[in-house]
Amino acid sequence: MSTEKRRILVTSALPYANGPLHLGHMLEQTQTDIWVRFQRLRGHECYYVCADDAHGTAIMLSAEKQGISPETQIDRIRSEHLRDSEGFSISFDNFSSTHSEPTKRWTEKIYAQLKSNGHIAEREITQAFDEEKGLFLADRFIKGTCPKCGSADQYGDNCETCGATYAPMELRDPVSALSGSVPVERASKHLFFRLPLFEDLLRGWIRSGSLQEAVANKLGEWISDGLQEWDISRDAPYFGFSIPGEDNKYFYVWMDAPIGYIGSFEELCARESIDFEPFWHSDTETELYHFIGKDIVNFHGLFWPAILDSAAMRAPTGVYAHGFLTVNGTKMSKSRGTFINASHYLQHLDSEYLRYYFAGKLSAGVDDIDLNLEDFVQRVNSDVVGKVVNIASRCSGFLRKGFANQTAETPAEAQLLDEFVSAGGEIADAFEAREFAKAVRLIMALADKANHFIDKEKPWVLVKDDSQQERVQAVCTTGINAFRILMIYLAPILPRMAERAAAYLQSELTWAKLGVHLLDHKLATFEPLMQRIEYKKVAAMVDANKQLETPLQASPSKGATAKQHDGGGDAAPASMPIKIDDFSRVELRVARVVKAELVEGADRLLKISLDVGELGTRTVFSGIRAAYEPESILGKSVVLVANLAPRKMRFGVSEGMILAAGEGDEEVFLLHVDPGAAPGTLVS
């Protein structure tokens, strides 16, 4: 690897300013931050910028619902995002918003360049229009079945299953995600970026080495399927930048979102007197890297390099995609408490734990990453506390008690320290290649050797022999210097622990001084560097994140008896009044019956397993046995009260209520929904 000083600009994907950061966001920011910190540790000039993605219909509607302006919302969310990122030691040089003056100016400048180059087309199109809401539907506000692979519950711009892109109304069975109504088609003039003109450029770009092979292959498939012109405009009402020269037209959020990288960096340059031009107009003097999730490779791997080329700006040196985050082997789930916001995590656990665990899982590929909570506790306690911190804690006591915190002039095992220093090349190569899991394995192998050395020397035995005191000091000096080298290697992953270690060692942790050992050196008094994770704190975090509200009782409707099918409970008496606002708390979702069986010892109950999409699988005990045989409801799509608090029964725990109506036990009818509706879909 070249030791020449490099000039590097790094970004991570922009979090959307419509809600809190969750652990999926922190996976990406942590991956990016580790790589950035490694580059800085090696002495390179490396800047890390990001911003909130602040535009779009979702933010406009959310602010409207809260009775505040979109500007107020995005300012508040930005503060929360920055707070949580700082809680995870994410070392942004600048964190901006796409709703900024520099981003607006660059968006207009780039658009003008595209237009003057003949790369903007305009034509009238038919769009999805929600007559109930009175607005055109942005792509992400229309859902249906993918026209390419047939996957249900997909958004209107791209399929999360096969990655295909399409026009919203190309979806099968489209519905408005805002009102649940079937959208109508309405004509409107739109502006398009002429992406097909860049096919030759993009074919070369995706094979340039700037992308992971799996990503390049996927983009190659999309190019082979035929590139389509990209709609970069949206109709009013819309929260975003208005398009110069157009009436009631706004730039689509994905037009200005990546330009937010430019705007954020320009803010940093203005504040820190950095020369802006080389980073966006030269690919020989500088390097540019984007870290993103695999779900947005089409924007960064096709649209973005084509736009940059038309605007006479440099292409990224690399676009690095990662996989999704799962928890305990499944999608993050609110009902299970595993859809964990960053702020909720920080209320219970040290961010360094998760940084280390993520590092131990991350490779240069795009495979999904699983956070197994039991493995998380075991691995952090075993590796960081049981191996690395253990070296310092074992040796520091002897040096403090017998040698006034002074290291020896000569280590007991110089060859061991030489081996630790020599390993730096392979570890650096792993960090550079984003093979963080490999780097962690190499570092922990060294930690094992250091602990083995201490175990072999047994300073706790030597210290009892007056003639072996110099050996005790030399052995512990070797251990402390081995610990120091390990902490240099771990500094990009565990920056706060590295700061505490540097304070104890009374020495900077820099890669350039790997081989400069602390001999005849005064140490500070050792303080604990990291506490073991208590599993009860992890369990408390999960419990605190379970989002199941108190049950809502319903009064009988006229002409039918509403039954609570959460175990055969009685309906609330008609004399119990409720308010209309109570109904707004009920979360109704489509659920598909995947299993149904009789309940031994219960004449009225069926035990039903339901697929509720992203909410996972729920078990419900329902008093419909007299009306339905178990096999007769398999595969049926029913309506589930998804936020009903679990009810413990002697047969098990019922996790919701399926809706039914009728007279008596035998004349009960389940409320069915369209069998094509995806499990987990909200029912209006």
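The values are calculated or read from the model by the stated rules, or taken from the named source; none is laboratory data. The structure displayed is predicted, hence computed values, not measured ones. A quick note on method: Cβ atoms are made from the backbone with ideal geometry, for glycine too, and the neighbour counts reach across all protein chains shown. Each accessible area value is taken on the protein alone, full model and side chains, heavy atoms only, with ligands, DNA and RNA left out. Shrake-Rupley method; radii C 1.70, N 1.55, O 1.52, S 1.80 Å.
Provide the net charge surrounding residue 147, with neighbours chosen by a C-beta distance below 15 Å and charges set as Lys +1, Arg +1, Asp -1, Glu -1.
Spelling it out: positives minus negatives among the neighbours equals -4.
Can you give the FRET efficiency to the nearest 0.05 for residue 378 and residue 432, using r as the Cβ-Cβ distance and R₀ = 51 Å?
Working from the Cβ atoms, E equals 0.95.
Report the local net charge at residue 439: Lys and Arg +1, Asp and Glu -1, summed over other residues whose C-beta lies under 14 Å from its C-beta.
+2
I need the calculated FRET efficiency for the pair residue 217 and residue 6, taking r as the beta carbon distance and R₀ as 25 Å, to the nearest 0.05.
0.30
Per-residue HN-Hα couplings for the range 137-144, Karplus 6.51 cos²θ - 1.76 cosθ + 1.60 at θ = phi - 60°, whole Hz, x for Gly and Pro?
8, 5, 3, 7, 10, 9, 10, x
Ignoring ligands, DNA and RNA, please state the percent of accessible area on the chain from carbon and sulfur, probe 1.4 Å.
48
Tell me, in nm to one decimal, what length is gained between residue 124 and residue 401 on full extension, where the rule is 0.36 nm per residue of separation less the Cα-Cα distance?
Gain on stretching residue 124 to residue 401: 91.5 nm.
If amide H atoms are built 1.01 Å from N in the plane of the peptide, which residues on other chains or at least 5 residues away come under 5 Å of the amide H of residue 22?
Under 5 Å from the amide H of residue 22: 342.
Evaluate the distance, in nm, between pseudo-label points positioned 7 Å from the Cα of residue 79 and of residue 648 along their respective Cα→Cβ axes.
It works out to 4.1 nm between the two label points.
Return the unpartnered cysteines for the chain, using a Cβ-Cβ cut-off of under 4.7 Å.
Taking the Cβ cut-off of 4.7 Å, the unpaired cysteines of the chain are 46, 50, 269.
Can you check what the net charge comes to around residue 223, using other residues whose Cβ is under 13 Å from the Cβ of residue 223 (Lys, Arg +1; Asp, Glu -1)?
Here the charged neighbours net out to -1.
At a Förster radius of 41 Å, what calculated FRET efficiency corresponds to the Cβ-Cβ distance of residue 519 and residue 544, to the nearest 0.05?
Working: r = 49 Å, r/R0 = 1.19.
Plugging the Cβ-Cβ distance into 1/(1 + (r/R0)^6) gives 0.25.
What are the DSSP H helices in the chain that stretch 24 Å or more along their long axis, judged by alpha-carbon atoms, and whose average Kyte-Doolittle hydropathy comes to at least 0.5?
469-490
Relative to the Cα centre, what is the charge dipole magnitude of the chain, using +1 at the beta carbon of each Lys and Arg, -1 at the beta carbon of each Asp and Glu, and rounding to the nearest 20 debye?
For the chain, the charge dipole is close to 1480 debye.
Taking amide H atoms as placed 1.01 Å from N in the peptide plane, list the residues 5 or more away in sequence, or in a different chain, whose amide H sits under 5 Å from that of residue 624.
Here 606 satisfy the definition.
Taking only protein heavy atoms and a 1.4 Å probe, what accessible area per residue, in Å², does the chain have with all protein chains in place?
I get 43 Å² per residue for this part.
What's the extension gain from residue 275 to residue 626 if we count 0.36 nm per residue and subtract their Cα-Cα distance?
Details: separation 351, 0.36 × 351 = 126.36 nm, distance 7.68 nm.
Fully extending the segment from residue 275 to residue 626 adds 118.7 nm.
Go through the range 164-174 residue by residue and turn each phi into a ³J(HN,Hα) via Karplus (6.51, -1.76, 1.60, θ = phi - 60°); whole Hz please, and just put x for glycine and proline.
Calculated HN-Hα couplings, in order: 5, 10, 6, 7, x, 6, 6, 4, 7, 6, x Hz.
When we measure straight from the Cα of residue 438, which lysines land under 20 angstrom away, once same-chain ones fewer than 8 places off are left out?
Result set, ordered by chain and number: 361, 387, 449.
Taking a threshold of 23 Å on the Cα-Cα distance, which of the pairs 5/218; 331/546; 104/249 fall above it?
On the way: 5/218 34 Å; 331/546 14 Å; 104/249 15 Å.
Among 5/218; 331/546; 104/249, the Cα-Cα distance tops 23 Å for 5/218.
For the chain, rounded, prolate or oblate, judged on the Cα gyration tensor with a ≥ b ≥ c (square roots of eigenvalues), a/c < 1.5 rounded, else prolate if a/b > b/c? All intermediate terms of the calculation are to be shown ahead of the outcome.
Details: a/c = 2.51, a/b = 1.33, b/c = 1.89.
In terms of gyration-tensor shape, oblate.
Once you order the gyration tensor axes a ≥ b ≥ c over the Cα atoms, which shape class does the range 75-190 get: rounded for a/c under 1.5, otherwise prolate or oblate by comparing a/b with b/c?
Values: a/c = 1.98, a/b = 1.35, b/c = 1.47.
Verdict is oblate for the range 75-190.
If you count the DSSP beta bridges with both ends in the chain, what percent of them are antiparallel, to the nearest 5?
70
Pulled fully out, how much extra length does the chain show between residue 187 and residue 508, if you take 0.36 nm times their separation in residues and subtract their Cα-Cα distance?
Numbers: separation 321, 0.36 × 321 = 115.56 nm, distance 6.44 nm.
Net length gain for the segment: 109.1 nm.
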